[in-house]
Amino acid sequence: MGGTNTASPEPAMLTVALDVPSAQILADQASIIQDLQFVMDCCKRLLTELARPDEDRDPVVPQALWSAALAAYARCFGKGKRFGLSTEDVRTLPLRGEVMKYHKWVIEERDNLTVHPSNPIAATKVGAALSPADQAERRVEGIVILSTSHVLVDETGVRQLGGLASELAKQTAGKAQAQQDSVLADAQQLNADSLYKLPPLRTGPPAAG
């Protein structure tokens, strides 16, 4: 009676970090794609929220989603990234309409959300509540504070941002695909023994405990 052949498990592949310029470019591209995917996810959720009747909608949720989408989109163009996106990346997209104008508006909206206004009166109005004009004694009855919150864009604006993020993600993914070949070529030129001495790169969440 023949025995059962049991295949030996393949040894786990070792992964180590690469500290070469080409890998830094690829890392930035990957983080940009991740941010753009987050923008698209926020826009999809926003469209669901905007489709709800006003009485069933929590006003905090759309505002939070829109603010998060603006922040993630603008982060892709931030100076903190070595190789972040530029306005030229937007200009070369295969999209029709006022694409550059909308892009600049999105960046300005992000700035309005994150920067304290230099003129507080522009964001908040303080007024005097007056007694009715036909009363014999006209006087100030109290003080009223009116905050001007940012108006959430409509469904069209949300779709525009989602579409813009999608096209930028496709464009960046194409560049990242080519960049992977450059990183592989650079890595294969490094000393293999030195690479095996590097600490393993964590590829998952830390273990509990």
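Listing for the model above:
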read-out: Those residues of segment 16-57 whose amide nitrogen sits under 20 Å from the label point placed on residue 188, 7 Å along Cα→Cβ; value: 16-27
read-out: Pairwise label distance in nanometres, residue 138 with residue 159, each label 7 Å out on the Cα-Cβ vector; value: 5.1 nm
read-out: Extension gain (nm, one decimal) between residue 56 and residue 175, 0.36 nm per residue minus Cα-Cα; value: 38.6 nm
read-out: Computed accessible area, residue 48, all protein chains, 1.4 angstrom probe, square angstrom; value: 70 Å²
read-out: Ordering of 182-190, 17-25 by packing [mean C-beta count within 10 Å, highest first]; value: 17-25, 182-190
read-out: Positive-end extreme of charge dipole, segment 15-92 - chosen from 36, 24, 60 (charges on Cβ); value: 24
read-out: Sequence of 33, 145 from largest to smallest accessible area, 1.4 Å probe; value: 145, 33
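The values are calculated or read from the model by the stated rules, or taken from the named source; none is laboratory data. For clarity, every value in this text was computed on a predicted model and none was experimentally measured. Counting neighbours? That spans all protein chains shown, and the Cβs are built from the backbone with ideal geometry, glycine included. Just the protein is used for accessible areas: all its heavy atoms, side chains included, with ligands, DNA and RNA removed. Shrake-Rupley method; radii C 1.70, N 1.55, O 1.52, S 1.80 Å.
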